[in-house]
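Peer 1: Here it is, the structure in full.
The values are calculated or read from the model by the stated rules, or taken from the named source; none is laboratory data. These figures come from a predicted structure and were not determined experimentally. Using ideal geometry, Cβ is built from the backbone for each residue, glycine included, and neighbour counts are taken over all protein chains shown.
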Amino acid sequence: MPPSVPEADRSIVIGDQTVAYRLRRSQRRTIGLTIDHRGLRVGAPTRAHLGDIESLIRQHGQWVLDKLAAWRNRTAPTAPTVTHGDTLPILGEAWRIELTAIGRRRWQFGPQTLYLNPATPEKIGETLEKALRDHARPLLAERLALHAARFGVPTPPLRLSSARTRWGSCNQRGDIALNWRLVHLPLAVIDYVVCHELAHLREMNHSPRFWSVVEQLCPDWRARRRELRDLARQIPRFQST
């Protein structure tokens, strides 16, 4: 969700191992280490010296090596398959999936029901994602236009994102990307994400001034952010049978 900033790929020797890491500088005040499926990622203040950054990495060297080993040995979770009668959240409500022939169309949205007609059984997951993207684009464009008007700015260009860890982003040109998976969430939570990204048009950081702008657009942003974090864990990532 923060604005895009340049990242740099680097490496460091810890013990007898060479560890690759990605360094991202921003307006943050401290140096932070994160390890996930992408490897070691380091966030650092814009003016932090590289020597200080790598000194901190070495201080936590054993932790870094242990966590990287744990991720390498981790068994990837199996995504649930899509079957007739499954339910999934759309705009925060449970919708039923029905696999059925609906003429030449591949998907159709009915009352609390999403009808899918994949070309082959192997394409169920692909068809589901295309249907949800199709539903998300006009919805997100509408919410972006609505809140941009409230903010008194022209509606920024919108791009749909598939990012694994970000709900939205805003670059230096003022272009906004919103994750299509937002379509699973309640409208109030979607609006918080939209307002968050619009606030970056004025403050390309996460300073107190930035959060003041967010609050002007979304007074209950704290509650919505907590709700977003809670609901994010429940969003399904289906695969086809």
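Peer 1: Report the residue count in the stretch 33-60 for those that are free of Cβ contacts under 8 Å to residues at least 24 places away in the same chain and surrounded by 13 or more Cβ atoms within 10 Å (Cβ to Cβ).
Peer 2: 7
Peer 1: Assigned to a strand (DSSP E or B) and in contact with a strand residue (DSSP E or B) (Cβ under 7 Å, 6 or more places away or on another chain): is that true of Arg58 in this structure?
Peer 2: So Arg58 fails the test.
Peer 1: Another one. For the stretch 110-142, give me the residue count where each residue is in contact with a helix residue (DSSP H, G or I) (Cβ under 7 Å, 6 or more places away or on another chain), of a type in the set (A, V, I, L, M) and part of a helix (DSSP H, G or I).
Peer 2: Residues flagged as in contact with a helix residue (DSSP H, G or I) (Cβ under 7 Å, 6 or more places away or on another chain), of a type in the set (A, V, I, L, M) and part of a helix (DSSP H, G or I) within the stretch 110-142 amount to 4.
Peer 1: Right, next: Hey, could you check the stretch 152-175 for residues that are of a type in the set (S, T, N, Q), within 20 Å of His206 (Cβ to Cβ) and surrounded by 11 or more Cβ atoms within 10 Å (Cβ to Cβ) and say which is farthest from the chain's Cα centre (by Cα)?
Peer 2: Of everything passing the filter in the stretch 152-175, Asn171 is farthest from the chain's Cα centre (by Cα).
Peer 1: State whether one or more residues within the stretch 56-72 are acidic (Asp, Glu), farther than 30 Å from Asp134 by Cβ and at pLDDT 90 or above.
Peer 2: Checked the stretch 56-72: at least one residue is acidic (Asp, Glu), farther than 30 Å from Asp134 by Cβ and at pLDDT 90 or above.
Peer 1: From the list His49, His84, pick out the single residue that is at pLDDT below 90 and either more than 28 Å from the chain's Cα centre (by Cα) or not aliphatic (A, V, I, L, M) (or both).
Peer 2: His84
Peer 1: Suppose we filter the stretch 193-224 for residues that are within 18 Å of Ala163 (Cα to Cα) and either in contact with a helix residue (DSSP H, G or I) (Cβ under 7 Å, 6 or more places away or on another chain) or outside any helix (DSSP H, G or I) (or both); how many remain?
Peer 2: 3
Peer 1: Can you find, within the stretch 166-188, the residue that is farthest from Thr113 (Cα to Cα) among those that are touching a residue at least 12 places away in the same chain (Cβ under 8 Å) and assigned to a loop (DSSP other than H, G, I, E, B)?
Peer 2: It comes out as Gln172.
Peer 1: Evaluate the following for Gly92: is it of a type in the set (Gly, Ala, Ser) and either in contact with a strand residue (DSSP E or B) (Cβ under 7 Å, 6 or more places away or on another chain) or free of Cβ contacts under 8 Å to residues at least 24 places away in the same chain (or both)?
Peer 2: In short, no.
Peer 1: Just give me the residues in the stretch 23-43 being within 19 Å of Glu203 (Cα to Cα) and touching a helix residue (DSSP H, G or I) at 6+ places or on another chain (Cβ under 9 Å), in sequence order.
Peer 2: none
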